[in-house]
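Engineer: Following this message is one structure expressed as structure tokens.
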Amino acid sequence: MPSTAGPSSGPPTGGDFSGVLAAAIARRRLSLRELSERLAARGVPVSVGALSTWRSGHRRPERGASLDALPHLEELLDLPSGSLVAHLGPSRRVGPEGREDYDVLIGRDVDLQAMDEAVGCVPPTQLDGLGGVTIVDVAADRRSYAVSRLTRWRARVDGAVRAPRHGYVESPASEPQVEVRSGARVGRTAWCAQTGYFVWEMLLDRPLPLGETTMSSDVARVEESSDVIGYSAVAERRVTSADLWVRFKGTLPTAFSAVEDSAAGLQRRAVRPVGSTVHLGVLGFGPGVYRLEWTW
């Protein structure tokens, strides 16, 4: 339904980001669903859940697609250019206990809390991931791949038995298929085809007492609708060490880059393959995203 409110009379003069956003939404008499649909029509999709958390102040846009959406929000809400960005304030990427949420780190907006709740993994999590090895096998078709993860866990509570496992597909052609090879089993799953997010409940073979560690091995099989040009691994908290190793079954890409993005800043460098593989290892890293990118 078209808004009957007139244009803004001037820039917001006070308040934080959430207050300015909430006042503008109320003034324009737009529902969050309408706002989400109009943003999607402009090619900058933001979920209703994300808009709700921005309006309430529970979260704020931090990077990537979130920040790209702000100029469009200003236009849709008849706000002066730059007014929402001006009220963002300092970044809050690193949250309590040195953690940050997966969706914030990956730079996409989705109601991840609702997906975690759907698989029975409400914060705080029972297990901390302490790093591990991620192996990505890219098929000869360039569009399908398998992600195998070997992860070290530590119980943060007595009786720890479950943890959410998060994943993201850039341009999904189908729902990813997940299986656990050892150390645990798959419980409930949640999938959002619109955003490419998937979450599944990892259930250990037995509960752990506080402080005990264990390992799990799982694999996700993914198919994208276009050529895969990179893979991102996420450290939601600081890890001692972690490895990302990509193996190519067909034609080898022509160039590779390694990217590390954390509170310490963004670092990008060229890397060379070893045979048909390329590797990125991080030490004392996170919260943040480490990524391998390539050009076909």
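The values are calculated or read from the model by the stated rules, or taken from the named source; none is laboratory data. Note that the structure is a prediction, hence the values are computed from the model and not measured. FYI the Cβ positions are ideal-geometry reconstructions off the backbone, even for glycines, and counts take in every protein chain you see. Side chains included, ligands, DNA and RNA excluded: accessible areas come from the protein's heavy atoms. Shrake-Rupley method; radii C 1.70, N 1.55, O 1.52, S 1.80 Å.
For (1) touching a Pro at 6+ places or on another chain (Cβ under 7 Å); (2) within 29 Å of PRO45 (Cβ to Cβ), each residue gets a yes or a no:
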{"residue": "PRO207", "(1), (2)": "no, no"}
{"residue": "GLU224", "(1), (2)": "yes, yes"}
{"residue": "THR240", "(1), (2)": "no, no"}
{"residue": "ARG247", "(1), (2)": "no, no"}
{"residue": "THR254", "(1), (2)": "no, no"}
{"residue": "GLY265", "(1), (2)": "no, yes"}
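Engineer: Here's something else I'd like to know. Inspect segment 254-272 for any residue being surrounded by 17 or more Cβ atoms within 10 Å (Cβ to Cβ), more than 17 Å from the chain's Cα centre (by Cα) and either of a type in the set (Gly, Ala, Ser) or under 24 Å from THR151 (Cα atoms) (or both) and give the result as yes or no.
Structural biologist: Yes; the residues of segment 254-272 include at least one that is surrounded by 17 or more Cβ atoms within 10 Å (Cβ to Cβ), more than 17 Å from the chain's Cα centre (by Cα) and either of a type in the set (Gly, Ala, Ser) or under 24 Å from THR151 (Cα atoms) (or both).
Engineer: Please specify each residue of segment 258-277 satisfying the condition of being at pLDDT 95 or above and β-branched (Val, Ile, Thr).
Structural biologist: Matches in segment 258-277: VAL271, VAL274, THR277.
Engineer: With (1) touching a residue at least 40 places away in the same chain (Cβ under 8 Å); (2) buried (at least 17 other Cβ atoms within 10 Å of the Cβ) as the list, and VAL180 as the residue in question, which single condition is left unmet?
Structural biologist: (1)
Engineer: Starting from segment 237-248, take each residue that is touching a residue at least 60 places away in the same chain (Cβ under 8 Å) and list its partners that are open to solvent by 80 Å² or more (accessible area, probe 1.4 Å), counting only C-beta distances under 6 angstrom and pairs at least six apart or across chains.
Structural biologist: Qualifying pairs under 6 Å: SER241/LEU283; TRP245/HIS279.
Engineer: Can you tell me which of (1) at pLDDT 85 or above; (2) open to solvent by 70 Å² or more (accessible area, probe 1.4 Å) is the one PRO90 doesn't meet?
Structural biologist: If we test PRO90 against (1) at pLDDT 85 or above; (2) open to solvent by 70 Å² or more (accessible area, probe 1.4 Å), just (1) comes out false.
Engineer: Another one. Of the numbered conditions (1) farther than 30 Å from THR125 by Cα; (2) open to solvent by less than 60 Å² (accessible area, probe 1.4 Å); (3) of a type in the set (S, T, N, Q), THR251 satisfies every one except a single condition; which is it?
Structural biologist: Going through the list (1) farther than 30 Å from THR125 by Cα; (2) open to solvent by less than 60 Å² (accessible area, probe 1.4 Å); (3) of a type in the set (S, T, N, Q), THR251 breaks only (2).
Engineer: Regarding SER148, is this residue among the polar types (S, T, N, Q) and either assigned to a strand (DSSP E or B) or open to solvent by less than 40 Å² (accessible area, probe 1.4 Å) (or both)?
Structural biologist: yes
Engineer: In the list VAL234, VAL259, which residue meets the criterion of being in contact with a helix residue (DSSP H, G or I) (Cβ under 7 Å, 6 or more places away or on another chain) and farther than 22 Å from ALA140 by Cα?
Structural biologist: Within the list VAL234, VAL259, the selection yields VAL234.
Engineer: Against the definition (under 30 Å from ALA69 (Cβ atoms) and not aliphatic (A, V, I, L, M)), how does SER174 come out, yes or no?
Structural biologist: Yes: the conditions hold for SER174.
Engineer: Then there's this: Against the condition farther than 30 Å from LEU32 by Cβ, over 18 Å from the mean Cα position of the chain (by Cα), at pLDDT 95 or above and open to solvent by less than 20 Å² (accessible area, probe 1.4 Å), how does VAL138 come out, does it pass?
Structural biologist: Against the criterion (farther than 30 Å from LEU32 by Cβ, over 18 Å from the mean Cα position of the chain (by Cα), at pLDDT 95 or above and open to solvent by less than 20 Å² (accessible area, probe 1.4 Å)), VAL138 qualifies.
Engineer: Tally up the residues in segment 218-241 that are among the hydroxyl-bearing types (Ser, Thr, Tyr) and either surrounded by 16 or more Cβ atoms within 10 Å (Cβ to Cβ) or on the phi > 0 side of the Ramachandran plot (or both), please.
Structural biologist: 2
Engineer: Being among the aliphatic types (A, V, I, L, M) and part of a strand (DSSP E or B) is the filter; apply it to segment 187-217 and report the residue that is surrounded by the fewest Cβ atoms within 10 Å (Cβ to Cβ).
Structural biologist: Here the residue is MET215.
Engineer: Can you tell me which residues in segment 250-270 are hydrophobic (A, V, I, L, M, F, W, C) and in contact with a Ser or Thr (Cβ under 7 Å, 6 or more places away or on another chain)?
Structural biologist: LEU252, ALA255, ALA270
Engineer: Oh, and also: If you go through segment 27-40, how many residues are over 13 Å from LEU51 (Cα atoms) and open to solvent by 40 Å² or more (accessible area, probe 1.4 Å)?
Structural biologist: Number of matching residues: 2.
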